[in-house]
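> One structure coming up, written as structure tokens, with questions to follow.
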Amino acid sequence: MFRPLRPSGIIMITLAVGLLFGCSRPRQQPLPIPRPPAKPFLDLKLPSDYGPSRPGDRIAFANQYSENGTPNMEICVMAAPDWRVTRLTHNPADDTHPTWSPDGSKIAFQTNRDGNFEIYVMNADGTNPVNLTRSAADDTHPAWSPDGTKIVFTRRRDRRSQLYVMNADGSNQKPLTPSRRKCMEGVWSPDGEHLAFLSIPRGENASEIYVMNADGTHWRRLTYNKVPDVAPAWSPDGSKIAFQGLPQDRDFEICVINADGTGEPVNLTRHAALDESPAWSPDGSQIAFCRRDPDAEPPVNDILVMNADGTSQVNLTRSAGRPDIHHPADPAWWGSPNPHPSAGLAVSFCPSNLLKPLLTARGG
Ligand SMILES: [Ca+2]
Ligand SMILES: [Ca+2]
Ligand SMILES: [Ca+2]
């Protein structure tokens, strides 16, 4: 669209013309040939304001690498405009579940590099990884508070899982939920007032989505379907919670429910593949998620992006034939007020003996 030139634009053109006609450059030197901008390798319909260094211009995720033939996960970031992959961790252990600090300067993640799972934090360029939890328990699923001062995480030991909260420097670790109830995958509401999380209701054996006040009081159960619901992710406006569910008890779908518990969950993906780990874009218009479909041709094992109503599902990573992406997992969209802890733990609730029948039921 044509826009009238601003005074600054006129000055820039004057400068450019001056340079072009050699005010300061000897004539015999060839002028640099301007290169065309690098062609994005993906034809993505992403909002045009996802330009470099704007909210939404990058997604942290976990990506599989192989060291001496042994696969393990690493934290990576892919960034606009071409969504190229930058690897941030280099460790033979599993590094997964990245979550951005609200100012985008740091990434917290889980890793078992020290023998059991710990929450680590590093700079957003991968430098200076620091062990925050230093406990004998398994510490997983970090999520940053919207004001950046705290991290909620899951601590698992002796078959108990509790939500813990700590200061963002690892100090003052304390439980938020009672040890008698299994609780996992806490994630703050954008206003910091509430936490969505998973718990297994008494007398049942599948995790459901709950919401509580940020101090651990006043639990509300949101889902009642008796199949595992995991990976809650709050919409940036706080009105909805996306999660990974089993609406037809067949394969995982990305679902969304009102955060106040009203209405019924809506199935957004409706696809005969495993759809996992929703992550909202910062403006709430889109959701990134993982899709695993070994039966597709070529097989799909990718991060996709769709509109928040489930339309326009676009494969972001297109990993088939790409050497730099294997089993991408746990997308976390930078600039989102509520980067979520994602759904890798889904495996804890949907272990291979359950996944197999799911795949078999689809003819896999
Ligand atoms: Ca690793
Ligand atoms: Ca630990
Ligand atoms: Ca599905």
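Here, each number is a calculation from the coordinates, and none is a lab measurement. Computed from a predicted model, the values in this text were never measured in an experiment. Virtual Cβ from ideal backbone geometry, glycine too; neighbours counted across all protein chains shown.
> Please give the direction-averaged projected area of the C-alpha convex hull for region 58-361, in square nanometres with one decimal.
14.7 nm²
> Oh, and also: With each pseudo-label sitting 7 Å past Cα toward Cβ, what's the E264-T86 distance in nm, one decimal?
4.6 nm
> Mind giving me the FRET efficiency for N167 and Y224? R0 is 25 Å, r the Cβ-Cβ distance, nearest 0.05 is fine.
The formula returns an efficiency of 0.10 here.
> Another question about this same structure. How large, in Å, is region 52-120 by the Kirkwood hydrodynamic radius built from its alpha-carbon pairs?
12.7 Å
> Follow-up question, since we're still on this one. Need one number: nm distance between label points at T217 and K174, each 7 Å from Cα along Cα→Cβ, rounded to one decimal.
Result for the modelled spin labels: 1.4 nm.
> Considering just Cα atoms, how many Å³ per residue does the convex hull of region 173-257 enclose?
About 92 Å³ per residue, rounded to a whole number.
> Separate question: Fully extended, how many nm does the chain gain between A296 and S105 (0.36 nm per residue separation, minus their Cα-Cα distance)?
Gain in length upon complete extension: 65.0 nm.
> At 7 Å along the Cα-to-beta-carbon direction for both E204 and D309, put a label point, then send me their distance in nm to one decimal.
My value for the distance between the label points is 3.0 nm.
> Towards the positive end of the charge dipole of region 58-361, with charges on Cβ (+1 Lys, Arg; -1 Asp, Glu), say which of P102, I325, N112 has the farthest Cα.
N112
> Dividing the convex hull volume of the Cα atoms of region 127-226 by its residue count, what figure in Å³ per residue is obtained?
Convex hull volume per residue, Cα atoms: 110 Å³.
> Fewest Cβ neighbours within 10 Å first, please rank W144, W100, W219 accordingly.
Placing the least packed residue first, the sequence is W219, W100, W144.
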